[in-house]
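As structure tokens, the structure follows; a few thoughts come after it.
Please treat every number below as a calculation from the coordinates, not as lab data. Note that the coordinates shown come from a computational prediction; the quantities given were computed from them, not determined experimentally. When we count neighbours, we look across all protein chains shown, and the Cβ atoms used for this are built from the backbone with ideal geometry, even at glycine.
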Amino acid sequence: MAKKQSECCDGDCGTATMRQATCPPGDAGVDAMFKAFSDVTRLRILHLLLAGEMCVGDLATIVEATQPRASQHLACLRAAGLVTCRREGLWSYYSLARPTTTFHKKLLECLRHCFSEVPELQADDRRAAKLAKAAPCCPPASPRRRTPKASR
């Protein structure tokens, strides 16, 4: 199957660029979701995002991938409609997309319950716990705050 072009985030949600992605462009259909689930690294990323929002740097560290490689996997997951990206300053944070179909919801349920004994996912959970105790790569996500104007 030939690769198709899609818009992707590549770690910088504010600047979409065209690049080759191995997932179909953002139709979020069954084929795209199965394609996204067919790669063990993407499954590992989805599993990590079950716990909540994470930055690409932390995801890359935990799955032991380079940041560009992790970004490629995240682009595929975005094209499939499985993750969303939020930008805060220089940092990009990823989270699971809200399921829009019953099929999407069932895939996430399966991820929660059917893969608990996969050794890679268990190892990722240990690395994530260790990283949480150490210094993560990105500052913790915070709600937008207004900074008061300086008094003269």
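Results, tabulated for the structure shown:
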| read-out | value |
| --- | --- |
| Pair residue 129, residue 34: separation of 7 Å Cα→Cβ label points (nm) | 3.6 nm |
| Dipole magnitude of segment 24-109 about its Cα centre (Cβ charges: Lys, Arg +1; Asp, Glu -1), debye to nearest 20 | 120 debye |
| Charge context of residue 116, other residues only, Cβ under 15 angstrom, K/R +1, D/E -1 | -2 |
